[in-house]
Amino acid sequence: MKESFSISLEARKMVVFLRKFMLMKEYHITVKKTANPTILKFEANDFLIEAGNFEYKNIDEAKNSPLAQQLFYLPFIKTVYISGNFIALERFDIVEWDDVKDEVAQQLVEYLNSGAPIVLEEEKSTMVATTVYAEVTPNPAVMKFVANRKIVPGMFEFKNIDQAKDSALASELFGLPYVKEVFLDENYISVTKYEVASWEEITLELRELIREFLASGKTVVSDKAEKVGHQVNDKPSGTVGMDSTSLEIINILDEYVKPAVASDGGNILFQSYEPESKTVNVILQGACSGCPSSTYTLRNGIETMLKNMLGDKVEEVVAING
């Protein structure tokens, strides 16, 4: 009887082991290009980390990520990004991705399926309660993502990943192949997309990337990042020596126009005033840049307002997309 019980117990242990083995996720990697030719995205068929985004510039920074440390043994790896269900790798110029991407993808598959840790628990930052919601704008190419708290001290605009070197969040967004431009204001991010993707396909991914980044407590822009768009109250050096009409125009734009366009995820910036032609030149940024309705807004909104408030000093408002 004891021997029969022993066999039965061993059989049950084997069943439990087999069940656990069968439940283990088998990872597959899909290689995807990004807008930056030096960065390649290796997307897994399941989440790699539960929350947070991690960036490592060298093997010392990666002390709490065994996977990133292993990747840095490859001599062409410059930067490792780990977030959600993907690993993005930036290479040095000593190789081309076409020559090594399959080897890297295979190495990632073998590592992930070994069950080895990706990011150790202590690396995760203290999470900050954060909510983000998506909001459409008048520009069909731009979506506005609004946070429940202040995220940056002013306005910042990035046209490409090179300009975004002083913004970790913008850099991550440019790692997505459909992100064209990024505009940041106090509590929101406006993302301009390429036509290759529809908002229905990408809004959730963008919202979650932004929310997880903000919740991780990381700094959105560094102290080196340059703000765009000046308020008169900031007394920028550019207003010194300006004529009185230009200063009046700036005051009107700041008080009446900027709050309205900010609600749509954009900004308007005074560039110059030409007294001979009575022309006001402005720069449109964020969601306003390239917006199909911007011409209507200029003619029936801003131009009309300036004419009413400044009389015959203004004849026309001309906009330049920032």
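By how many nm would the segment from Asn113 to Val128 lengthen if fully extended, with 0.36 nm per residue of separation less the alpha-carbon distance?
Values: separation 15, 0.36 × 15 = 5.40 nm, distance 3.14 nm.
So the extension gain works out to 2.3 nm.
Is the range 132-215 best put as rounded, prolate or oblate by its Cα gyration tensor, with a ≥ b ≥ c the root eigenvalues, rounded for a/c under 1.5, and otherwise prolate when a/b is larger than b/c, oblate when not? Display every interim value, and only then the final one.
Details: a/c = 1.44, a/b = 1.14, b/c = 1.26.
Verdict is rounded for the range 132-215.
Using θ = phi - 60° and the Karplus form 6.51 cos²θ - 1.76 cosθ + 1.60, what ³J(HN,Hα) does each residue of the range 156-161 get, whole Hz, x for Gly and Pro?
Running phi through 6.51 cos²θ - 1.76 cosθ + 1.60 with θ = phi - 60° gives 9, 10, 10, 8, 7, 5 Hz.
Exactly which chymotrypsin sites (Phe, Trp or Tyr not before Pro) in the range 146-197 are in a DSSP loop and have at most 16 other Cβ atoms within 10 Å?
Passing both the DSSP loop test and the Cβ count: Tyr194.
Filter the GluC sites (Glu not before Pro) in the range 150-206 down to the DSSP loop ones having no more than 12 other Cβ atoms within 10 Å, then list what survives. Kindly include the intermediate steps, with their values, before the conclusion.
Working: sites: Glu157, Glu172, Glu181, Glu186, Glu195, Glu200, Glu201, Glu205; in loops: Glu186, Glu195.
Answer by residue number: Glu195.
Counting other Cβ atoms within 10 Å, which trypsin sites (Lys or Arg not before Pro) in the range 73-165 have at most 13 and lie in a DSSP loop?
Arg149, Lys150
Read the figures in this text as sums done on the coordinates, not as results from a lab. Every value quoted in this text rests on a predicted model; they were computed, and no experiment measured them. Please note: Cβ atoms are built from the backbone with ideal geometry, for glycine as well, and neighbour counts cover all protein chains shown.
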